[in-house]
Number of protein chains: 2
Amino acid sequence: MKLNDIPSIGDLMAAHERIRPYIEQTPLLQSGQLNAISGATLFFKCENFQKAGAFKSRGATNALLQLDKETMRNGVVTHSSGNHAQALARAAALFGIKAYIVMPENAPAVKVAAVKQYGGIITFCKPTLAARESSTEEIVTKTGAHIVHPYNDYDIIAGQSTACIELLRQGPLPDYILCPVGGGGLLSGTLLASRYLSPATKVIACEPEGANDAFLSLRSGQLIPSNNPQTIADGLLTSLGSRTWPIIKDNVHDIMTVSDEAIVHAMQLVWERMKIVIEPSSAIPVAVALSGGSIFKNKSIAIILSGGNVDLEKLPWNKNL
Amino acid sequence: MKLNDIPSIGDLMAAHERIRPYIEQTPLLQSGQLNAISGATLFFKCENFQKAGAFKSRGATNALLQLDKETMRNGVVTHSSGNHAQALARAAALFGIKAYIVMPENAPAVKVAAVKQYGGIITFCKPTLAARESSTEEIVTKTGAHIVHPYNDYDIIAGQSTACIELLRQGPLPDYILCPVGGGGLLSGTLLASRYLSPATKVIACEPEGANDAFLSLRSGQLIPSNNPQTIADGLLTSLGSRTWPIIKDNVHDIMTVSDEAIVHAMQLVWERMKIVIEPSSAIPVAVALSGGSIFKNKSIAIILSGGNVDLEKLPWNKNL
């Protein structure tokens, strides 16, 4: 794919067909109780039940399936706070290639263990973007591995779009889609799928207050990188990229932010009422739906529950800790 | 329904139509990793995502929908360790009638809270069948409430059968269905649905070693009540009943028991590999599938995950406690 070649509807459909044998069609669930609380009709796209526990398996699988044999021989490398790492390690194992994973030292233990279990070769680094990138470059120099960026890659974006393609087929075309944003891979894919397949649907990006670089970027009209983000949503600490930002800027309907307190409340509510355990990142669009006020009244809203990789022994609402 | 009138296929289908607007069609999920571990093809019927968090909503809703207005006026009463209580309280609230719930003192806090939230009127008693029954009788005398037994009732059995009806439609007709057994309501419904709709499917009852009254009953050919059961599977402490025992005796293919240790391991495995939190009772058929040996090799197996009402702050594998 060329540098500025934003994925077409054909690219999205090809990605969907390509990855189908390797991923789950995740369920689209509803909850009468959460409908009552929100005043809207909510549809939850459960990517927490996706392979490796998050939507990231879609993009990683799509990216690897397009590598030539020559490239595959040296393996792949990425830096990730967790879910992309697991997804890439899993996909690499499927196709018999090596996956070098650069992870920040503060990545949750459960995510580190999962990467190891899928056979990923881990290198730890300081939890900064600069440290992640330099560690990744070192591995490339040493091994010749191919970099699979967690989000700033059109094949990744096309892969992530398939969660939205599925949800548009599984339920009614919704008035709104609420989607978390970190680096913007899932959001970009969702925006493209929605634009091509359901142009009347409004996609709203959902971001933690403590990592609101996308919010600031959209308000100012120019890409503002993340600056010392502080949030419980450990999957959303990254900045938008050169490929995700233009797609987001041109297509997103709005962006809303929520506090960590609201995120934890939403996580707990989803567990108590739906018996689904989601990561903090996934709880952000739920919190937005609950706090979004009158614009959501009586509307149909699809919420992408992006992942479920949580350490059950360290739940943020657990008073025993 | 008459005393010895075992539900017909028409009764089951009528129940399915009757309760449809009030319950979830729960998803049937798969896991490549659990297939690999078990050597079989597993289909998980996720009743943990059912209304009120367990299959019990099916039976309770079916039973209440068949009461006449006169009976409804005095309300309904039951004794239950938890899930039937929640289900009955929820269904009663749907139809605007009172639900008196007798619960053992040692019922999990999360289940007590849920019954209260649905508006159930709780009376606590000692955790014995005798105490439950006498407390229930007292309430009947005082209020004229109608008893809805948790399992020894053909309307309840017909309601519970609908989980099996659904799973037979959602996936291939399986070689085996693995179903937990406590009082036998879910198992009886599953046996009838399977006999009518997929007679080649073999249903295996799954029971905790520490509450193996159904195992002893089937081995001896006569109903042996539960005697001081000790198991982590708090939903399965009850004995078989006069209506469930004959259905089970005549239709079940086999019964297998597992240790509490195997139950906890299966719960943890389902969480780690599928991101689904299930109660200990639900983990029993999973443990059976994992330990069942050669008879399950390369077979298709449907597992009914009966409920998900767990206190996440007290997970049995949590080393922080």
Original post:
Could you name the lysines in cross-link range of A:LYS202, using Cα to Cα under 26 Å and dropping any fewer than eight places away on the same chain?
Top reply: A:LYS45, A:LYS56, A:LYS249, A:LYS297, A:LYS299
Original post:
Which angle from 0 to 90°, rounded to the nearest 10, does the C-alpha axis of helix A:154-170 make with the longest principal axis of chain A?
Top reply: 30
Original post:
Which of the aspartates and glutamates could a cross-linker span from A:LYS98 if the Cα-Cα distance has to be under 18 Å and same-chain partners fewer than 8 positions apart are dropped?
Top reply: A:ASP68, A:GLU70, A:GLU137, A:GLU138
Subject >> Distance histogram in 5 Å bins (all Cα pairs of the stretch B:57-147, percent per bin) >> reply: 3, 17, 28, 25, 19, 7, 1
Original post:
Given labels modelled 7 Å from the Cα in the Cβ direction, how far is it in nm from B:GLU105 to A:LYS249?
Top reply: 6.8
Subject >> 3J(HN,Hα) from dihedral phi, the stretch A:134-143, Karplus parametrisation 6.51/-1.76/1.60, rounded to Hz, x for glycine, proline >> reply: 5, 4, 5, 4, 4, 5, 4, 4, 6, 10
Original post:
If the label for A:ASP311 sits 7 angstrom from Cα along the Cα-to-Cβ line, what are its distances to the same label in every other copy, in nm to one decimal, shortest first?
Top reply: 2.3
**OP:** Using only Cα atoms, tell me the angle between helix A:9-19 and the longest principal axis of chain A; keep it within 0 to 90° and round to the nearest 10.
**Re:** 70
Original post:
Hey, what number do you get for chain A at 222 nm if only DSSP H runs of n ≥ 4 count, each worth -39500 (n - 2.57), divided across all residues, to the nearest 500?
Top reply: -13000 deg cm²/dmol
Original post:
In Å², what does the accessible area per residue of chain A work out to with a 1.4 Å probe?
Top reply: 38
**OP:** Work out the mean other chain Cβ neighbour count within 10 Å for the residues of B:274-284 and drop it here as an integer.
**Re:** 3
Original post:
For peptide B:301-313, how many partner chain Cβ atoms fall within 10 Å of a residue's Cβ, on average?
Top reply: 2
Original post:
Along Cα→Cβ at 7 Å, what distances in nm separate the B:ARG195 label point from those on the other copies, shortest first?
Top reply: 6.0
Subject >> Listed residues A:PHE43, B:PHE95 arranged by accessible area, highest first, probe 1.4 Å >> reply: B:PHE95, A:PHE43
Original post:
Roughly how tilted is helix B:280-291, in degrees to the nearest 10 and between 0 and 90, from the longest Cα axis of chain B?
Top reply: 20
Subject >> Relative contact order [Cα under 8 Å, 6+ residues apart], the stretch B:57-147, whole percent >> reply: 32
**OP:** Would you check the accessible area of B:LEU34, probe 1.4 Å, heavy atoms only, in square angstrom rounded to 10?
**Re:** 0
**OP:** Run the dipole for the stretch A:149-226 about the Cα centre, Lys and Arg Cβ at +1, Asp and Glu Cβ at -1, nothing else charged, and hand back the magnitude in debye, nearest 20.
**Re:** 240
Original post:
Which value, in square angstrom to the nearest 100, describes the accessible area buried between chains A and B on both sides, using a 1.4 angstrom probe?
Top reply: 2300
Original post:
What does the charge add up to near B:TYR176, with Lys and Arg as +1, Asp and Glu as -1, over the other residues with Cβ less than 15 Å from its Cβ?
Top reply: +3
Original post:
Given a Förster distance of 45 angstrom, what is the FRET efficiency for B:ILE9 paired with A:GLU137, based on the Cβ-Cβ distance and rounded to 0.05?
Top reply: 0.10
Original post:
Counting Lys and Arg as +1 and Asp and Glu as -1, what is the net charge of the other residues whose Cβ lies under 11 Å from the Cβ of B:ILE23?
Top reply: +3
Original post:
Taking A:LYS314 as the anchor, which aspartates and glutamates have their alpha carbon closer than 18 Å to its alpha carbon, excluding any fewer than eight residues away along the same chain?
Top reply: A:GLU105, A:ASP234, A:ASP260, A:GLU261, A:GLU272, A:GLU279, B:GLU272, B:ASP311, B:GLU313
Original post:
How much solvent-accessible surface does B:LEU218 expose, in Å² to the nearest 10, with a 1.4 Å probe and all protein chains in place?
Top reply: 40
**OP:** In nm, give the distance between the simple-model label positions of A:GLN30 and B:GLU70, each being 7 Å from the Cα along the Cα-to-Cβ direction.
**Re:** 3.7
**OP:** Return the long-range amide H neighbours of A:ALA99 (sequence gap of 5 or more, or a different chain), with a cut-off of under 5 Å between placed amide H atoms.
**Re:** A:VAL76, A:ILE121
Subject >> Nm distances between copies for B:PRO246, ranked from closest, using label points 7 Å along Cα→Cβ >> reply: 7.6
Subject >> Mean Cα-pair separation over length for chain B, i.e. relative contact order, pairs under 8 Å, 6 or more apart, % >> reply: 22
Original post:
Within 10 Å of each Cβ of B:47-59, how many other protein chain Cβ atoms are there on average?
Top reply: 2
Subject >> Residue-count net charge about B:VAL77 - beta-carbon cut-off 14 Å; Lys, Arg +1, Asp, Glu -1 >> reply: 0
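The values are calculated or read from the model by the stated rules, or taken from the named source; none is laboratory data. Every value quoted in this text rests on a predicted model; they were computed, and no experiment measured them. All Cβ positions, even for glycine, are placed from backbone atoms using ideal geometry, and neighbour counts span all protein chains on display. Accessible surface areas use protein heavy atoms only, side chains included; no ligands, DNA or RNA. Shrake-Rupley method; radii C 1.70, N 1.55, O 1.52, S 1.80 Å.
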